[in-house]
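Input: a single structure, listed below in structure tokens.
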Amino acid sequence: MASSEETPLIPPGTDAVELSESMELRLYKQSRSVAAWKRFCAFAFFGLLFILGFNLVFLPRTSLSRDLRRIHGDRLTAFDVQKTFLETLEQENNAREILKRYTSENHIVGEGYGLVEYTKAKFEEYGIKTHVETFYVWLNRPVANHLKLLDSDGNLEYQASLKEDVLEEDETTGDKNSVPAFHAYSANGNVTAKFVYAHFGRVEDFKALKEADVSLEGKIVIMRYGAIVRGLKVKLAQRYGAVGVVLYTDPYDDGEIRVKNGYKAYPDGPARNPSSIERGSVIYFSDIPGDPTTPGWGSTKNAKRVSPQDSMPKIPSLPCSYNDIKPILAKLNGKGPNLGWAGDVDEFDYCAGTSDVDLNLYNEQDYQIRPIYNVMGEIKGIMPDEEIIVGNHRDAFIVGGAGDPNSGSVALIETARGLGALLKKGWKPLRTIKLASWDGEEYGMLGSTEYGEKYARHLQDHTLAYINLDVGVAGSAFAFKSNPMFMELGHKVAKEIPFRNKVDSGYSLFDYWSEQNNATVNTLGAGTDYVVFQEHLGIPSMTMEFREDGVTDPVYHYHSNFDSFHWMDKFCDPTWELHSTMAQFFGLLLISVTEQEVSVLDVKTYAEQISKYYYDMIATIPKSWVDYLLLFDAEDGQTPAYMKNTIKQLQMAHGAPRLKDLMALVESNIKGLIEHATIYQSYKEDLQDKITEDYPWFRLFHKVKIAVQIKVANLKLLKLDRLLLFKDGLKNRVWMKHVIIAPSREKGYDGDILPGLHEAQIDGDFDEFVRWLVIIGDKIKLVGDKLK
Ligand SMILES: [Zn+2]
């Protein structure tokens, strides 16, 4: 066949030729191909080895910090996380829209389920796993009330409206579900009696009345809000024999912005609307917060219940406005001596005397066990055995609650949005984050306390910090309160937040804070949701707010219908910038605690503060006490077991020890604590430097060693504050366990430092002072030894 384009290149029959080849040839060919294969394999093997070796030698050096995140598929560094979070919140500000939603329906404890769903939906929209946890709490709802002034014949002369004005400009004030004026946990009652004005109802006010021979036995006591927490006012009045209490708001206490000083009242101006009424709880939450029928354990559906008898007043009480109280107080004019008290009620001379006429106070409350709802979001961390909780309460005493608490709720939701933006980028927090929208704070920290009591064990084992936000914005004065271990952190984070749109100028929240009060960090107290964490469980906490400055800010109508969206939008934060700043600060605090590998807890500052607290306290005791003999004997069977070691030690060294000997011992413990804490702080900072340092691969062992050291350090720091709990608690307040921080026994809202010592000093009780000095001295030694 002639060759053409159709001619096959391989002629037919070739296969046949190959098949006919001899077996020998085939074997030969086979062995040749095996050799080639082996050569190829060897070449490939050494080639790969070479490439691997080459790569290992020139492998990029990485830090343990980066490795830890990469193993978990997270490619963001701690710096990236901070940057993305802040940018997300700076580029968009949803505060107005969120606040509008939260102030649109009645959300007193247990009500407003729409806001439970809204909060849950928001968390879920940002990729956060969320559930609603229900507790069953014994609480009251207002049914009926009145306050009537009777004339000398017992006929009605005047009746207080107990209502706030409905304003055309402010739609919330006319809401059909408006909450009546009442006190949470007030006693039912219908009393008719003569009345007395007792100023702020402080210990010293009652003493002054007693010295002026004004008896409160069988009287109704009128006091104004302020200075101390309202429950303590009622408690003291009850102790002095009163049968009922009326609390009113005196605009005198509003500072500069008063009608008296020429300012117009809300809604025409920044001064107080004279019809405003402060609702509030009168339960003794500075003794113990939470459901009074489950003290110390969670109010679950079938929880054991006890009688609430000693945790709330037995006499009825009502809140009242300035407008309403005027005709009543006017009846007291000239009825007693002037004790130097003053106020803004022109019709009244602020004397200490008893009325000739009667007041009839009627208070009807419906008490039941009712469900309350905490909304809980969670983002699992890379190190899931450590967690941070951020929380804000959702419930308000009124339909609005723009300042309290929903300006804080804005920060919580905006923080969730920032975290959502990070999650979208594949971020995993180092530590587990829990977001809590608490219910029932207003009645007495119900939601947070029941949660804390129910999960006490887990929380004490795993929770590194609790970050609280209640009122986020109610004025322009920045305030930050914390466990001393977060003092420096508060400053550091505030420096990262650009403020007042001065992004390029470098002006920060810290600069603003410094101008205001030298960036002072205050001590924690009571009256908001951190109490169960810090003061019962020993979990280091912090809280923050923009509060009313009392000088230029519009008056904040606390727990009144005028704490509304309209007031916030028109008077308090019309640009919504303070809300955004608060969200940034709150969220960045959270990120700073979760994202630093070595725990941020600052033990050095804690030790120094404890030392300062101690010496400040010692300076207040009577000089003569120092030489008093200690009347405790290690062997007498009267001395509590926890005091025996110290007393024995002192007896052996001094025979008959005096207070100064005990003080010397405590002071040497403090010295030891400062020494160990200072060394430990620099060791821990050094560790943090090491974790961010880059190492070549062959120093893997070194990295493992650092990882182990960090784990050990974190475990030690995680539980450090728990060492400062005293199992028997404070005197008459056994639920309050922390020996350094507690709510003030006298004031309620304020914090008290070294409360056991302070109370003994106030009471002039030397033995009690000694007892607390022994307890605190031991705890200080324990912490110092732990840090050795
Ligand atoms: Zn609040």
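The values are calculated or read from the model by the stated rules, or taken from the named source; none is laboratory data. Treat the numbers as computed from the prediction; the structure is a model and nothing was measured. Positions of Cβ are backbone-derived with ideal geometry, glycine not excepted, and every protein chain shown enters the neighbour counts. For the accessible areas, the whole protein counts, side chains as well, though only heavy atoms, and no ligand, DNA or RNA atoms are used. Shrake-Rupley method; radii C 1.70, N 1.55, O 1.52, S 1.80 Å.
Computed values, structure above
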{"read-out": "Test result for Lys425, open to solvent by 10 Å² or more (accessible area, probe 1.4 Å), among the basic types (Lys, Arg) and within 16 Å of the ligand (Cβ to nearest atom)", "value": "no"}
{"read-out": "Selected residue [surrounded by fewer than 19 Cβ atoms within 10 Å (Cβ to Cβ), of a type outside the set (Phe, Trp, Tyr) and in contact (Cβ under 8 Å) with a residue 12 or more places away in the chain] from Glu97, Glu133, Glu117", "value": "Glu133"}
{"read-out": "Looking only at the range 346-375, and only at residues there that are open to solvent by less than 10 Å² (accessible area, probe 1.4 Å) and not in a loop (DSSP other than H, G, I, E, B), the one that is farthest from Leu68 (Cα to Cα)", "value": "Ser355"}
{"read-out": "Hits in the range 682-698 - residues which are assigned to a helix (DSSP H, G or I), more than 16 Å from Glu597 (Cβ to Cβ) and open to solvent by less than 70 Å² (accessible area, probe 1.4 Å)", "value": "Ser682"}
{"read-out": "Subset of the range 649-677 (residues that are surrounded by 12 or more Cβ atoms within 10 Å (Cβ to Cβ) and part of a loop (DSSP other than H, G, I, E, B))", "value": "Pro657"}
{"read-out": "Residue among Asp287, Asp310, Asp291, Asp253 that is closer than 30 Å to Leu537 by Cβ, acidic (Asp, Glu) and open to solvent by 40 Å² or more (accessible area, probe 1.4 Å)", "value": "Asp310"}
{"read-out": "Single match in Arg394, Arg370 (criterion: within 16 Å of the ligand (Cβ to nearest atom), under 30 Å from Cys320 (Cα atoms) and of a type in the set (Lys, Arg))", "value": "Arg394"}
{"read-out": "Number of the condition not met by Trp297 [criteria: (1) assigned to a loop (DSSP other than H, G, I, E, B); (2) open to solvent by 50 Å² or more (accessible area, probe 1.4 Å); (3) without any contact (Cβ under 8 Å) to a residue 60 or more places away in the chain]", "value": "(3)"}
{"read-out": "Hits in the range 197-234 (condition: under 28 Å from the mean Cα position of the chain (by Cα), of a type outside the set (A, V, I, L, M) and open to solvent by less than 50 Å² (accessible area, probe 1.4 Å))", "value": "Phe200, Gly201, Arg224, Tyr225, Gly226, Arg230, Gly231, Lys233"}
{"read-out": "Yes/no for Thr646 being outside any helix (DSSP H, G or I), modelled with pLDDT of 95 or more and under 38 Å from the mean Cα position of the chain (by Cα)", "value": "no"}
{"read-out": "Residues within the range 544-590 that are more than 16 Å from the chain's Cα centre (by Cα) and assigned to a helix (DSSP H, G or I), tallied", "value": "14"}
{"read-out": "Unmet requirement for Asp153, which otherwise passes all of (1) part of a strand (DSSP E or B); (2) surrounded by fewer than 19 Cβ atoms within 10 Å (Cβ to Cβ); (3) outside the structural domain of Ile389 (by TED's automatic domain parsing); (4) not basic (Lys, Arg)", "value": "(1)"}
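A quick yes/no check of all residues on (1) within 16 Å of the ligand (Cβ to nearest atom); (2) touching a strand residue (DSSP E or B) at 6+ places or on another chain (Cβ under 8 Å); (3) within 30 Å of Lys194 (Cβ to Cβ):
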| residue | (1), (2), (3) |
| --- | --- |
| Leu359 | no, yes, yes |
| Val390 | yes, yes, no |
| Ser409 | yes, yes, no |
| Ala421 | no, no, no |
